[in-house]
Structure formats: structure tokens, C-alpha cells
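Participant: This structure is in C-alpha cells; I'll ask about it shortly.
The values are calculated or read from the model by the stated rules, or taken from the named source; none is laboratory data. This structure is a prediction, so every number in the text was calculated from the model and none was measured. FYI the Cβ positions are ideal-geometry reconstructions off the backbone, even for glycines, and counts take in every protein chain you see. Just so you know, the surface numbers come from the protein's heavy atoms only, side chains and all, with ligands and any DNA or RNA stripped out. Shrake-Rupley method; radii C 1.70, N 1.55, O 1.52, S 1.80 Å.
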Amino acid sequence: MTGPELTLANWVLAAAPVVVLMVAIFFVGWSAPRAGSTAWVLALALAFLVFGAASDHVAIASAKGLSLSVFVLSIVWTSVYMFNLVDHLDGIDGIGRAMARLSEDRLAQALLIGWGFSSFVQGVTGFGVPIAVAAPLLIMLGFSPARAAGMALVGHGWAVTFGSMGSSYYTIQLVTGIEGDVIAPHMALLFAPVIVVSGMLVAHIYGGFGAVRRSLPLVVVAGAVMAAGMYLLAEADAPQIASSVPAILGMVTMALLARTPLLVREPRGPAPEAPEDGESADPLPFWLAFLPYTLLISLSVIAQIGPIKEASAGLRWALDYPGFVTGEGFVVAAADDFAPIRLLNHPAPLIVISLLVSVALYVATSRWRRGVAAEALRLTYSQCLATSIGVASMAMMAVVMADTGMTVLLARGLADASGPVFPLVSPFIGMLGAFMSGSNTNSNVMFGLLQLETARALDIGPVTISSIQSVGASVGSAMAPAKVLVGAAVVGLSDSERDIFRIVIPYILLLVLLAGIEAWIVIELLTGLSR
């Protein structure tokens, strides 16, 4: 492969921006904008001084990073604004009460929303919207902001690859060239333990090992239902709904089983109770309160219908970027229609359409109040400004690293150093890409072919390694700064992102390690059978 030479010094230098970013946020306590900007400047300096980039190279890469940030931030601003608008109309109160009625047990509520509902939203929209929707509902039910964001982040990670109508799945399938009827069922099987353990971890965030023991039968049964649904839909060549439908099945299962002995009753204590009728003067009825989200989900599904998808394919906004070759010989291909915002295939336009229709119905039903639109906009601005700076700087850092060979160098070093235990390392490479870019899809683009080639060179299960790349990126994306920043903005912790990171990171690392152990076991079994 052309590009920077893999040496220990080069590898350490390539890792420096990521290390600085993590240390600044986790240990020094810097805000995301300050840490992200510092890491971006460091990446620029290393690109110039070490990795052979010219001024136009880093300018192009930084511009691509801004395009990516526009793609992400348009979702952040519109989804946060939608929540604030509904909240100012007392709609979140109505949604919280309806969710609470599904079960009186707070642990069941945490699982229903943090594990099931967030995964369903990921299945049809993705791009941070699950956090923007689920975390506020958990807060409405009395959960602390940091734990609410943590439960939504950890709970939805399994649904990312087949979520967003299968965008990440299609990416890994196209990059590797492995037939869909081969890789989709294989990937679904690898996700099965991850789905169940994700539910256990949400329970642990809620109440430690006691909550895990109390909910274990319910989590195992609901998780098995989700896993079976994912496998059957993958086998039936319907990957675009292999997250959303299983999540619905899981929520129905949990709501039913929460009323049976499969969920051990919680001892009476000082824990806050679910919201009761009468706490708000005149909350919106559930159907009106949830209307913007119902429309968003419905439009997301409708947009995937063949004729509609084809007719709207040309309705998009995107920029073209030229390719280049760095002084170290790293080739960057030209990017046409980079990070496109499609009218009916990007959440932001769909959110806007959903809001406009909802506002019309609020006015028609006399539920609209003068001034709420401006109030919601002012609140959204104060919540999202710091987040926007952080996302933009981190996206620019990520693309500068990717387009100067630093990211590939990091992955090659990890692969070469691991050797026979590469299956254990493989999902961490996927996680690395998702952490840096905030996207399972981007991680698959960056590392999918590298993982496949490494597996072939080591003669160890290319289908399994390609699958586990996306599994690692899927769950790993839940701790990406871009997603954590969304969660922090929505729950009002824009200056305390590290509180969410401290909750989320240990659980995500555990899930990625589980994926690696799965891959290692599967490859060992396949190797043994072939002898």
C-alpha cells in the first residue's frame, strides 16, 4: 500500500491527535470545542511536517470535514429544535406519561426507552436522533441527565449497522464485495450476543448488578426475540428493516413480560415515581405530542419505497472535492457529491417537513401558543452552539487524518501487531473509525477493505472479519464524540460531556471486546472444521 511508512515513530505520531483529544476531554476537563480545535490543529501540523501534505491537501480535507459537520449538525439543530418545540407545548410531559403507563416499574421503563425505543428510532432515522428522542423521555421519567444519555447511547448501539435503513450494512457489503445473502445473516448472528448484553448493560447503568439480576430473564427473552427478528429479516434479504422491526418486537415483548414474574418486582424505596396525571395543567394528548416523531418515522419508511426513492434521488445538496496524492504517496480519490443531504433520505429535511405538518395541526386543534417557536429557537441556539463548534473541529480533524494516511496507518499498526489474535483486535479497528468520524458507515468505508485484505493475508475468515468490522463500528459509534455531543446538548450537559463519556466508555469497550471474542471463537471453529 502506498502512503506513509509504518514505523513505531510514525504510528505514535499518527495516534497523537486522537490521544490529545481523549486526554483533553477525559482527564483535563476541557470542553469539546477546545479539545477538538486543539486536536485539529495538531493533525494539521503533523500532516504538513510528517505525512507529506501540501496546503491545498489539508484545505480540501478540512473542507470535507466541514461538509461532514453540516451533514451531522443539520440533524442536531433540527432534532433539538423539534424536542424543544414539543416541550414548550407540554408535549414531552404527555409522551412521558404514556411511556410510564407501559410499566410501573422504573427498570422496565429504562429498558423500554433506553434499549428498545432508542433502537427503533435508530432503525428508521439514526444520525444521533435516537439520543435526541430517547434521552429526554428518560429525563421526563425522573432519570438523571447523564444516566439518561448513557442508557440511550449504550442501548441503541446494536441497531446502527442495519439502522438508518441499512446504510452502514450496504456500505460494508459494497466495499468488501461479499454477497448480501452471505454477509447479512452472518453479521446478524454475530450481533445476537451483543443485543442481549446491551440490554444487561442498560440495566446496569440503571441500578448496578442488582438491576441486572432482577431483569435478566426479561432481557434474555426480549433480546432473543430481537436477535431472531434481525436474523430472519437478514436471511429474507430485508436488511433495511432489520433493526427497526426487531426493536418493535422487543418493546412489545418487554411491555408484556414486565407484568409477569420474569421481571422481579422492585423493592419499595425512595426512588422517584413515574409522572402522574395532574402534574401538568394541560399536556398534549399522546397522539399530538408524538405526532412529529410519528411523521418522521413514517416519512423515513415511505422514502425507502422504490419509486419514491428513485424519483427523489436527484433532489440533494452536496459538494464535489478533487483528489490528490500526498508527498508520501498516499492517494486520495476525488469525491463527487460528498456527504449529500438528500431531500427524502436525510433526517434534517424530514424533520423539517414533520415539524411543518405538526405545527399546522397544532394550530388547527388550538394547541399552538404564540411565541413558542422563538422561545424554542433561542433555547436550541444556547444548547447547540458549543456542540456545533466541537463537531466541526472533530470532523475536520478526522478527515485530515484520513486523507493524509494517518488513520490507515493506525489501523495497519494495530493489525500487524496483533497477528494471530487479529479477530480480537478487528472490532476495535472498526470502533476507532466510528469514534473518529462519528459514523459506522464512514468507518466501514475507511477500514472495510483493509480488514478484508488483512483477513485474507492471515487466512482467517474474511466474511467474519468483514462482519465484525461493522459490528465493532456499530456499537463503537455510541461513544463517538459527535454522538456524545448530541446527547449532551439534548440533556443540557453541553459543558459536562465527560460525565457522559465516563458512563458510556467502559460499557462500549466491553461490547467491542465481546464482539472480538465472538469473532475469535467463530474463526477457530471454522478453522477446526476445515482441517
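Participant: Just a yes or no: is a residue in the range 174-181 over 19 Å from GLY433 (Cβ atoms) and surrounded by 24 or more Cβ atoms within 10 Å (Cβ to Cβ)?
Facilitator: no
Participant: For the range 354-381, enumerate the residues that are under 31 Å from the mean Cα position of the chain (by Cα), more than 13 Å from ASN84 (Cα to Cα) and open to solvent by 60 Å² or more (accessible area, probe 1.4 Å).
Facilitator: LEU356, VAL357
Participant: Same structure again: So the check is Cβ under 7 Å with 6+ separation or different chains; which pairs have a first residue in the range 365-388 that's over 14 Å from THR78 (Cα atoms) and a second one that's polar (S, T, N, Q)?
Facilitator: Sorted first by the residue in the range 365-388, then by its partner, the pairs are ALA386/SER31; ALA386/SER494.
Participant: Still on this structure: Which one of GLY405, GLY390 is touching a Gly at 6+ places or on another chain (Cβ under 6 Å), open to solvent by less than 20 Å² (accessible area, probe 1.4 Å) and at pLDDT below 85?
Facilitator: None of the other options fit; the residue is GLY390.
Participant: Under the condition of being among the hydrophobic types (A, V, I, L, M, F, W, C) and in contact (Cβ under 8 Å) with a residue 40 or more places away in the chain, which residue from the range 207-225 is farthest from GLN109 (Cα to Cα)?
Facilitator: VAL221
Participant: Which condition breaks for ALA35 when tested against (1) open to solvent by 10 Å² or more (accessible area, probe 1.4 Å); (2) in a helix (DSSP H, G or I); (3) modelled with pLDDT of 85 or more?
Facilitator: It fails just one condition, (1).
Participant: Just one of (1) buried (at least 22 other Cβ atoms within 10 Å of the Cβ); (2) at pLDDT below 90 trips up VAL70, so point out which.
Facilitator: (1)
Condition check ((1) among the basic types (Lys, Arg); (2) open to solvent by 10 Å² or more (accessible area, probe 1.4 Å); (3) farther than 24 Å from SER243 by Cβ; (4) modelled with pLDDT under 90) across all residues:
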{"residue": "ALA434", "(1), (2), (3), (4)": "no, no, no, yes"}
{"residue": "LEU452", "(1), (2), (3), (4)": "no, no, no, yes"}
{"residue": "SER470", "(1), (2), (3), (4)": "no, no, no, no"}
{"residue": "SER474", "(1), (2), (3), (4)": "no, no, no, no"}
{"residue": "GLY487", "(1), (2), (3), (4)": "no, no, no, yes"}
{"residue": "LEU493", "(1), (2), (3), (4)": "no, yes, yes, yes"}
{"residue": "TRP520", "(1), (2), (3), (4)": "no, yes, yes, no"}
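Participant: Return a yes/no flag: does the range 437-449 have any residue that is touching a residue at least 40 places away in the same chain (Cβ under 8 Å), assigned to a helix (DSSP H, G or I), of a type in the set (A, V, I, L, M) and open to solvent by less than 30 Å² (accessible area, probe 1.4 Å).
Facilitator: No, there is no match, as no residue in the range 437-449 is touching a residue at least 40 places away in the same chain (Cβ under 8 Å), assigned to a helix (DSSP H, G or I), of a type in the set (A, V, I, L, M) and open to solvent by less than 30 Å² (accessible area, probe 1.4 Å).
Participant: Give PHE83, PHE71 a once-over and let me know the one that is assigned to a helix (DSSP H, G or I), in contact (Cβ under 8 Å) with a residue 12 or more places away in the chain, aromatic (Phe, Trp, Tyr) and touching a Pro at 6+ places or on another chain (Cβ under 7 Å).
Facilitator: Of PHE83, PHE71, the one residue that is assigned to a helix (DSSP H, G or I), in contact (Cβ under 8 Å) with a residue 12 or more places away in the chain, aromatic (Phe, Trp, Tyr) and touching a Pro at 6+ places or on another chain (Cβ under 7 Å) is PHE83.
Participant: Regarding the range 434-446, can at least one residue be identified that is in contact with a Phe, Trp or Tyr (Cβ under 6 Å, 6 or more places away or on another chain), more than 24 Å from ALA53 (Cβ to Cβ) and not basic (Lys, Arg)?
Facilitator: The answer is no, given that none of the residues of the range 434-446 is in contact with a Phe, Trp or Tyr (Cβ under 6 Å, 6 or more places away or on another chain), more than 24 Å from ALA53 (Cβ to Cβ) and not basic (Lys, Arg).
Participant: Starting from residues that are out of contact with any Gly (no Cβ under 6 Å at 6 or more places or on another chain) and surrounded by 21 or more Cβ atoms within 10 Å (Cβ to Cβ), keep the ones in the range 162-173 and report whichever is farthest from THR464 (Cα to Cα).
Facilitator: MET165
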